[in-house]
Ligand code: NOJ
């Protein structure tokens, strides 16, 4: 009897501890402290990231099959300026050069993704394995390891084989769970002796919402209110299945880790003393990151999602919730399938409650009953949606810690773009963004968040999905108009290098000197590049006057290409114009 009582008490206590552990994120306190000088723990991993469709190019080379992005980008009007990733950065051919850039920066890891249709052109393992595609990734992985750079490999960064979309409807279909598992299993078999960090999905929120709800991304479906939930449901199951496959078949031999990369903005209550704002902000996060993280860490969708989507589905007169349901077996199968959490983070929103009456076009967005706001004072140097709000990063990291039992985190994406037409390699706003966001991550580490690594997004400017090449996130500028796609370091390369070599921010004097030194290295080459990007005839003058043409730290070959491409046609045009004017004068004189 006494034993039973003690056991019961123990269970109650465990439950209380559990509940409070997941509940103790303090919404009411947001101390925005000043810059923190200090360093990261030894062994903290610094890296940069990319993805296959955004950088590889070679879209139809060496037996690669078509992906949904190859197909989507070909439809007129879907992508800014009808750009495609057909050649992009030519990463397929230039990976050796890119590894040299990484080596120069002393990166500890490189995050890239494997293109599913490059190694399985039809998407199906039992149909055809493309050995040339396998060889490309073999070579890339081997060369990274030779240079002591750890590969962190994403299995799915959005480029589903087009045939799977056509045959099955992509992630709307449950059969995708097995097809993805076959593909992942093949990757473990072929690369797992060397790859120890696997990410199943990159940003499943975007796959579901932008691919199947708004249709802004491939495959471009607009299945409002249902498509995203269904896609997410299959993605979560596919993730869990792949984790179990690794766990059962490969872990003991290969000793690697399998995680998922979730991207989330932070949502801050407009008024942290107002309970309704706090609840709205929490809903924002739960519908964003919690949608995927809660099943994976805790076994089911967030209660608030079940409540809201269920209630609104009922009001619509539907017999069941638009949010699918996991069976008890599925819940326990999915729970705990994460060796580390990959976290992508870029920006923050203020959130307040807003009621969307049901029946007026229900959608994922209206299900949340909230409004998003931004502070006009927040800097927004790049993409329309990207405001620089460093303190949001620390809040998000602490939220993850309290909600999901302080998991091991790798920051898999963080960075900022630029939207200007004339290129400025002296990207001081990016240096500031990195400095402040990385500093907030350091503060989060001091708060006890278990962050093990940081990945700057992105190594190179690349194909920014529906924005084409108009938004540049790279540490390296890529000249996309030039056939050879030369790379040029922005000032932030120098700055990031300093953070890496100091493993953080040693002291004020030193950190302040970094920016100055970084800007010194970028200004001469910057003028050159600006000449290519802006009004050619005007800038041609500064190009001729620039004596540092071949003296910068940049590949001379790139300059030469640029010079021939810009100078030759322009000089020819000027010559023709001048001759015409001369001729006119001559003729007039005669008449
Ligand atoms: C997240 C995506 O994973 C990545 O592909 C994209 O380039 C960045 N966000 C920036 O939008």
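The numbers here are math on the coordinates, done by the rules we state, and not lab data. None of these values were measured; they are calculated from a predicted model. Positions of Cβ are backbone-derived with ideal geometry, glycine not excepted, and every protein chain shown enters the neighbour counts.
Observations on the structure shown:
- Residues 261, 252, 358 in ascending order of nearby Cβ atoms (within 10 Å, fewest first): 252, 358, 261.
- Rounded if a/c under 1.5, otherwise prolate or oblate - the range 388-525, Cα gyration tensor axes: oblate
- Across the range 206-250, C-alpha contacts under 8 Å between residues 6 or more apart give a mean separation that, scaled by the residue count, equals a relative contact order of 26 percent.
- When only Cα pairs below 8 angstrom with a gap of at least 6 residues are kept, the range 258-406 shows a relative contact order of 31 percent.
- Sorted by Cβ density within 10 Å, fewest first, the residues 325, 519: 325, 519
- Ordering 145, 221 from the fewest to the most neighbouring beta carbons within 10 Å gives 145, 221.
- Cα-based shape type of the range 340-453, given that a ≥ b ≥ c are square roots of the gyration tensor eigenvalues and the cut on a/c is 1.5: oblate
- Anisotropy class of the range 178-268 from Cα gyration tensor, a/c 1.5 cut: prolate
- A protection proxy built from the mean count of other Cβ atoms within 10 Å ranks the segments 291-301, 39-49, most packed first, as 291-301, 39-49.
- Centre separation in Å (Cα based) which lies between the range 319-391 and the range 151-204: 24
- Distance from the alpha carbon centroid of the range 52-127 to that of the range 238-264 works out to 23 angstrom.
- Entry note, the range 431-498: relative contact order of 25 percent, from Cα contacts under 8 Å with a spacing of 6+ residues.
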